Amino acid sequence: MNSGDPAQEAAPPPSATLPLSGCRVLESSHTVAAAYAGRLLAAMGAQVVMLEPPTGSPLRTTPPLLETGESALFTYLAVGKRSIICDTTSADGQRTLARELGRADIFIEDTPVRERAQAGLEPDAITKRFPSLVHVSVLPFGASGPKADWAGEEINLLHAGGEGFLLPNGLSQELFPDRAPLKIYGHFASYQGGSAAALAALSAWWAAPQAGGQYVDVSVQDAVLAVGAFALQRLGDGSLEHRTTRSFRYGGVFEARGGFIELLTLEDRQWNALVDLLGRPHWAMDEALTDPLERSRRGGEINRHIREWMRMQPVDEVVMRAQELGVPAAKYHTPAEVVTGAHEHARGLFAPLTLAGGQEVKVLTAPFQFRCTPLHPGSSVPALGEMGREAAS
């Protein structure tokens with residue numbers, strides 16, 4: 001962690017070796033899942049080249065939009081990548097595709113199964129022609145099985161993966177019991193699928209020197225199912241979790257003065273620290289509550305007491321004191337607080353980049369860090385086809 005000095009938040013020195021330096025990734029994407037997989041690999045130092053149709057990736061115009069009219073989503077997903085125009089329905093496009101596949105270590109794409117032949121992206125043909133290539137397919141329900149041809153938007157994938165059945169729960173369910181459980185904000189399912197695809201690509205590439213290239217079939221639905229794996233495991237003992245009943249026995253999300261806090265006490269030492277945080281009230285000194293099973297049975301009662309106390313306390317003071325005592329607790333920050341937060345600033349989570357139109361904005365560098373290889377934030381969002389002449393040489 002650095003001191004928070006902006007001068008220390010610059011890109012790493014040229015001598016720094018990023019984890020995927022020397023790895024070349026080819027990305028053909030029109031969905032967030034595939035684009036996010038490429039984004040993660042780019043954040044680790046891979047050279048990621050996007051193949052875009054002549055009209056550009058559909059993500060370039062996907063809301064929300066910045067004041068410049070450029071897509072904020074595409075800005076985040078494309079930072080640090082390069083762009084080549086490639087119309088795979090044309091002879092020139094097929095030559096471009098073959099040239100770039102021959103240069104790539106990893107190929108990430110989300111072409112629907114029924115469109116692969118026309119686009120020249122049939123896995124068997126690619127494997128035969130480029131035997132050392134790691135080819136990763138990222139589709140809503142995978143590229144095999146009865147749902148391989150199904151389309152799937154974010155809302156479909158959230159419910160197909162079980163999260164729509166389980167969320168919202170806890171305080172959200174209590175505050176808004178009549179709201180329909182449509183979806184989590186943003187692209188939760190797609191980011192899960194993209195993360196799975198990136199990890200699968202790295203696993204296959206790691207094994208390539210011994211095993212050669214591989215074709216990897218990633219299902220976004222499967223990735224979302226993995227998030228709720230514990231709820232699925234409980235089906236084995238006859239327990240069916242649902243958003244109206246799924247919550248911590250005690251703890252969870254509470255409203256304080258100026259914001260919301262989530263706290264959880266899984267261990268006896270954490271419970272004891274919580275009692276200290278609350279000022280050792282009379283009700284918490286009940287000897288029976290030293291038994292974790294009894295605390296679980298009386299979870300509703302405990303939460304009522306915590307809720308009454310929490311409403312009167314300033315949110316930042318509660319979080320600071322809780323962390324001093326060892327109570328797992330954190331504040332729910334607004335987007336503005338995240339961007340300007342001291343913790344985020346000290347870790348250098350946001351870095352400046354230049355949009356295709358020339359304006360400078362700040363963007364999240366990556367959701368991870370490496371101890372000895374600081375991540376390069378990437379300096380710009382590629383203009384459509386900006387790599388054309390360079391790639392042809």
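The values are calculated or read from the model by the stated rules, or taken from the named source; none is laboratory data. Note that the structure is a prediction, hence the values are computed from the model and not measured. Heads up, the Cβs are rebuilt from the backbone with ideal geometry, glycines too, and the neighbour counts pull from every protein chain shown.
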Subject >> Of all residues making up region 182-205, the number that are surrounded by 18 or more Cβ atoms within 10 Å (Cβ to Cβ) and farther than 30 Å from Pro19 by Cβ >> reply: 1
Original post:
Could you list, in sequence order, the residues of region 310-344 that are of a type in the set (S, T, N, Q) and under 20 Å from Glu267 (Cα atoms)?
Top reply: Gln323
**OP:** Name the single residue, out of those in region 331-350 being among the aliphatic types (A, V, I, L, M) and within 20 Å of the chain's Cα centre (by Cα), that is surrounded by the most Cβ atoms within 10 Å (Cβ to Cβ).
**Re:** Leu349
Original post:
When region 366-393 is examined, which residues are found to be under 17 Å from Thr17 (Cβ atoms), at pLDDT 80 or above and of a type outside the set (A, V, I, L, M, F, W, C)?
Top reply: none
**OP:** Could you look through region 93-113, keep only residues that are among the β-branched types (Val, Ile, Thr) and buried (at least 21 other Cβ atoms within 10 Å of the Cβ), and pick out the one that is nearest to Gly385 (Cα to Cα)?
**Re:** Ile108
Original post:
Would a scan of region 340-348 turn up a residue that is outside any helix (DSSP H, G or I) and modelled with pLDDT under 90?
Top reply: yes
**OP:** Would you mind listing the helices (runs of 4 or more DSSP H) fully within region 73-189 where at least 1 residues are in the same structural domain as Pro209 (by TED's automatic domain parsing) and under 30 Å from Phe254 (Cα atoms)?
**Re:** 154-160, 163-166, 171-175
Subject >> Test for Val275: is it under 31 Å from the mean Cα position of the chain (by Cα) and of a type in the set (Val, Ile, Thr) >> reply: no
Subject >> Filtered residues of region 30-57 (kept if under 21 Å from Gly120 (Cβ atoms), assigned to a strand (DSSP E or B) and free of Cβ contacts under 8 Å to residues at least 60 places away in the same chain) >> reply: Val48, Leu51
Original post:
Among the residues of region 218-267, which ones are in contact with a strand residue (DSSP E or B) (Cβ under 7 Å, 6 or more places away or on another chain), modelled with pLDDT under 90 and assigned to a loop (DSSP other than H, G, I, E, B)?
Top reply: Gly251
